[in-house]
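Worksheet: the structure to be examined is printed underneath.
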Ligand code: XBP
Ligand code: MG
């Protein structure tokens, strides 16, 4: 029996990467006096590394104008990341990023049917706070029985830490829950925690491999609304839906 639905945030609840985090990173580079810029394709490659600070550190490996010492790099990554999150919060507070199709409907259905909601994300708490306040209003936390962000689970996806902690806080087994993700790293994290996981393809991962996913679709409304009844009926079986071509 399905008792909980666990949501990834970036790319799954909303398309936050290209028009959210990426823009904010570029604003932070400028604010920190760095002549760095992440265009759309570059950011797509960098998304292989989950976690904004970890992404910055990985990028510094390819720059010869980055600080030479590990301590210098860590300090710069911390400073830029802090600025980035402030710019990101401003951007989403202005209503810049909507929820993806079907997210609100499926969350509402879960609440009506007493299936508990949880969040398992590698993004910072402040980013979830900013996005969810903008999408669901100031009482958004009341909707969720468990909220796991980067500070709670520092080992980033594909490590299963965030999902394992969400399951523990929910008090349910992996068989009683289901995860919704958008990325290969997210899928690996959910599967490593023993969860079934469906994929709503996001902009950057439309053509990625998703072996082991329970289903793969452009979003929660296409080709038809994903409902709790469908999720319950799956019960480990794969839904025969085809991969969307190109960008969803
Ligand atoms: C999301 C991320 C995040 C965001 C930025 O991965 O990798 O790092 O890009 O957030 P997932 P922070 O959707 O798989 O959880 O800058 O706060 O890390
Ligand atoms: Mg994601």
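The values are calculated or read from the model by the stated rules, or taken from the named source; none is laboratory data. Because the structure is a prediction, the values reported are computed rather than measured. FYI the Cβ positions are ideal-geometry reconstructions off the backbone, even for glycines, and counts take in every protein chain you see.
When the residues of region 17-47 are filtered to those that are touching a residue at least 24 places away in the same chain (Cβ under 8 Å) and assigned to a loop (DSSP other than H, G, I, E, B), which remaining residue is surrounded by the fewest Cβ atoms within 10 Å (Cβ to Cβ)? Selected residue: 35. Only a single criterion out of (1) more than 14 Å from ligand 1 (Cβ to nearest atom); (2) on the phi > 0 side of the Ramachandran plot is not satisfied by residue 11, namely (1). Of the residues screened, residue 45 is one that is within 14 Å of ligand 1 (Cβ to nearest atom) and over 18 Å from residue 130 (Cβ atoms). For region 79-114, a residue qualifies if it is part of a helix (DSSP H, G or I), touching a helix residue (DSSP H, G or I) at 6+ places or on another chain (Cβ under 7 Å) and under 24 Å from residue 48 (Cα atoms), and the qualifying residues are 80, 81, 83, 84, 85, 87, 88, 89, 91, 92. Of all residues in region 216-228, those satisfying the criterion of being closer than 9 Å to residue 101 by Cβ and in contact with a strand residue (DSSP E or B) (Cβ under 8 Å, 6 or more places away or on another chain) are 218, 219, 220.
Residue-by-condition table, conditions (1) in the same structural domain as residue 42 (by TED's automatic domain parsing); (2) surrounded by fewer than 13 Cβ atoms within 10 Å (Cβ to Cβ); (3) in contact with a strand residue (DSSP E or B) (Cβ under 9 Å, 6 or more places away or on another chain); (4) at pLDDT 95 or above:
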residue	(1), (2), (3), (4)
196	no, no, yes, yes
200	no, no, yes, yes
211	no, yes, no, yes
214	no, no, yes, yes
230	no, no, yes, no
233	no, yes, no, no
237	no, yes, no, no
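Could you grab me the full set of residues in region 142-158 that are touching a helix residue (DSSP H, G or I) at 6+ places or on another chain (Cβ under 8 Å) and more than 21 Å from residue 85 (Cβ to Cβ)? Scanning region 142-158 gives 143, 145, 146, 158.
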